[in-house]
Structures are given as structure tokens and as C-alpha cells.
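One structure is given here, and the rest of the page talks about it.
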Amino acid sequence: MENDSATPLSVLLQKMAVKSGLDKKLQEASVLEYWKDVIGEKAARSCTVRRMEHGKLTVHCQSPVWRTELMMRKAEIITRLNERVGEAIVLDIVFK
């Protein structure tokens with residue numbers, strides 16, 4: 001016998017994540033997953049994401065050449081990361 005008023009578990013989990021603020025943390029974590037796809041494999045080998053906090057992505061670049069290249073593409077990278085996540089999660093990127 002089916003209960004038509006039952007709420008799917010996925011909906012309940014999503015509501016709990018939103019209520020607890022966990023949804024933002026999950027979105028921030030997903031930025032790390034998309035990083036390599038957005039900047040490319042060559043750049044990803046030289047530049048590592050250190051942290052994502054409060055909308056700021058901190059990236060360490062081993063090469064000044066890659067740091068300069070990515071700084072010039074910063075607006076594009078932010079846009080592409082946010083498109084992948086589906087929300088404006090990345091507000092700024094700091095390259096070190």
C-alpha cells in the first residue's frame with residue numbers, strides 16, 4: 001500500500017541541508033571538483049586550490065607565468081565556476 005503524502009528522502013535531506021547551512025558548504029566543495037575542468041589540465045598541474053571560504057577561492061600557483069595567466073582570466077574563471085555550481089558561490093579568487 002502506497003502513501004501518496006510521503007515525502008521523498010532526497011527532499012527531506014535537501015531541506016535539512018538548507019536549514020543547517022550545509023548546502024553552501026556542499027556548493028563550495030563542488031567548486032573544487034570543477035576547478036580542473038574550468039582552468040584546464042596543464043594549469044591545474046601548476047595551480048592548487050588551497051581553500052574556499054566566504055566566497056573567496058585561494059589558489060597557490062607554482063609558476064608566476066600561470067599566476068599571471070589565471071589572473072588575467074579571473075572574471076571568466078569565476079563565471080564558469082559559478083555556472084557549473086548553478087549559483088554565485090565564487091565571488092573572488094586570490095592567486096598566490
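The values are calculated or read from the model by the stated rules, or taken from the named source; none is laboratory data. Worth saying up front: this structure is predicted, and the values here are computed from it rather than measured. Neighbour counts are summed over all protein chains in view; Cβ atoms, including those assigned to glycine, are modelled from backbone coordinates with ideal geometry.
Scanning the stretch 44-96 for residues that are part of a helix (DSSP H, G or I) and touching a Ser or Thr at 6+ places or on another chain (Cβ under 7 Å), we see that the one that is farthest from GLU33 (Cα to Cα) is TRP66. Listed by first and then second residue, the pairs linking a residue in the stretch 62-78 that is under 13 Å from VAL49 (Cα atoms) to a residue that is of a type in the set (Gly, Ala, Ser), with Cβ atoms under 9 Å apart and 6 or more places separating them unless they lie on different chains, are GLN62/SER46; ARG67/SER46; LEU70/ALA43.
To keep it simple, each residue is scored yes or no on (1) of a type outside the set (Phe, Trp, Tyr); (2) loosely packed, with under 15 Cβ neighbours inside 10 Å; (3) at negative phi.
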site	(1), (2), (3)
ARG51	yes, yes, yes
HIS54	yes, yes, no
VAL59	yes, no, yes
GLU69	yes, no, yes
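For the stretch 33-41, the criterion of a residue being surrounded by 12 or more Cβ atoms within 10 Å (Cβ to Cβ), of a type in the set (Ser, Thr, Tyr) and at pLDDT below 90 is satisfied by at least one position.
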